[in-house]
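Novice: I am attaching a structure below and will ask some questions about it afterwards.
Please treat every number below as a calculation from the coordinates, not as lab data. Keep in mind that this is a model prediction, so the values were computed, not measured. With ideal geometry, Cβ positions are generated from the backbone for all residues, glycine too; neighbour counts draw on all protein chains shown.
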């Protein structure tokens, strides 16, 4: 992960710091990126690549408050911080703060949901005016997602190296169906055809990761295949886009994997370290950090290659801590 710029000749810790992207999400008309260390967002026009911002969002001391989740729901964006949740409406600039220190955040057709510290689900008011706990606590829950009219939870099991995916009724909070799997929980992904679960297993010194396709209605395993270790994956039009990381300097890659068969469809080279991918207007989007220093770019990914939007020209002067 990129670090803040080294102390400059005038002793200023943030001297020369550039916007370093960490998370990415897309609404119906724009792509949004949140900064790695500061509570700042930038809007990217998906057609022209024009940048708007950075704009400060969130609440409290801006220094060192990295975001944990950036999600889009209809035309709003939601950001999870250490101490609360931001709902930002780009159309009118309205911003709301939900005073909930959440362990996870998810949006979808069943609304906006958070995972509390004790593993309880919480329904978040879509206008950002508060939240309502639903169901019973479950301290082993790792992450949540929303789709197919339900809330989904990925949970550690008591068996070492195991996890369980559960479909939960959004009205009652009751678990309707469960599936136990081999592998420690990593990520939940929603797609129109199925639910995709990413798990990892350790084999000696090696870490192996897999994606499992789960039927959304019957909650049964349909397929399983390997993916490279790296940042979280995303699914678009039957294709899983999965970043591949290594420790060497230079470019990394994003693999394209058929979500039905697990067949490798190709690989796209990227100029740095992918910290997030998200489906959006005109395809798949990624944010990339430069290795060994601050700054980065936004990429639109396609099977033909990438097109980059550089972030170095963004004016950070007014937003850096004193």
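Novice: What per residue convex hull volume, in Å³, do the alpha-carbon atoms of segment 150-280 yield?
Specialist: On the way: hull volume 15.2 nm³, N = 131.
Considering the Cα atoms of segment 150-280, their hull volume per residue is 116 Å³.
Novice: Please compute the alpha carbon radius of gyration of the chain, then divide it by the globular-protein estimate 2.2 N^0.38 Å. Two decimals is fine. Before the final figure, lay out each step's value.
Specialist: Numbers: Rg = 19.4 Å, N = 322, 2.2 N^0.38 = 19.7 Å.
Compared with the compact-globule rule of thumb, the chain sits at 0.98.
Novice: Using a 7 Å offset from the Cα along the Cα-to-Cβ direction at both residue 15 and residue 264, what is the distance between the two label points in nm, to one decimal?
Specialist: Once both label points are built, they end up 4.6 nm from each other.
Novice: Grab the beta carbon distance between residue 290 and residue 99, set R0 = 22 Å, and tell me the FRET efficiency rounded to 0.05.
Specialist: 0.05
Novice: Report the full-extension gain for the segment residue 322 to residue 89: residue separation times 0.36 nm, less the Cα-Cα distance, to one decimal in nm.
Specialist: Stretched out fully, the residue 322 to residue 89 stretch lengthens by 81.0 nm.
Novice: Express in nm, to one decimal, how much length is gained between residue 109 and residue 129 on full extension, taking 0.36 nm for each residue of separation and deducting their alpha carbon distance.
Specialist: Contour length minus Cα-Cα distance gives 5.3 nm.
Novice: How large is log10 of I(q)/I(0) for segment 109-223 at q = 0.20 Å⁻¹ when the intensity is taken from the Debye formula with one equal scatterer per alpha-carbon?
Specialist: For segment 109-223 at q = 0.20 Å⁻¹, log10 I(q)/I(0) is -1.06.
Novice: Can you compute the modelled spin-label distance between residue 136 and residue 245, with each label point 7 Å from Cα toward Cβ, in nm?
Specialist: About 3.7 nm, to one decimal.
Novice: Moving to a separate point now. Would you calculate the separation in nanometres between label points at residue 55 and residue 75, each defined as 7 Å from the Cα along the Cα-to-beta-carbon direction?
Specialist: 1.2 nm
Novice: Let me ask another. For an R0 of 25 angstrom, estimate the FRET efficiency from the Cβ-Cβ distance between residue 118 and residue 182 and round to the nearest 0.05.
Specialist: Plugging the Cβ-Cβ distance into 1/(1 + (r/R0)^6) gives 0.40.
Novice: Output the relative contact order of segment 208-322, whole-number percent, from Cα pairs under 8 angstrom with separation of 6+ residues.
Specialist: It comes to 15 percent, rounded to a whole number.
Novice: Return the equivalent ellipsoid semi-axes of segment 14-106 as a descending list in whole Å, where each equals the square root of 5 times an eigenvalue of the C-alpha gyration tensor.
Specialist: Working from the Cα gyration tensor, I get semi-axes of 19, 17, 11 Å.
Novice: Does segment 189-250 classify as rounded, prolate or oblate by the C-alpha gyration tensor (a ≥ b ≥ c root eigenvalues; a/c under 1.5 gives rounded; else a/b over b/c gives prolate, otherwise oblate)? Before the final figure, lay out each step's value.
Specialist: Values: a/c = 3.66, a/b = 1.63, b/c = 2.25.
Oblate, since a/c reaches 1.5 and b/c is not below a/b.
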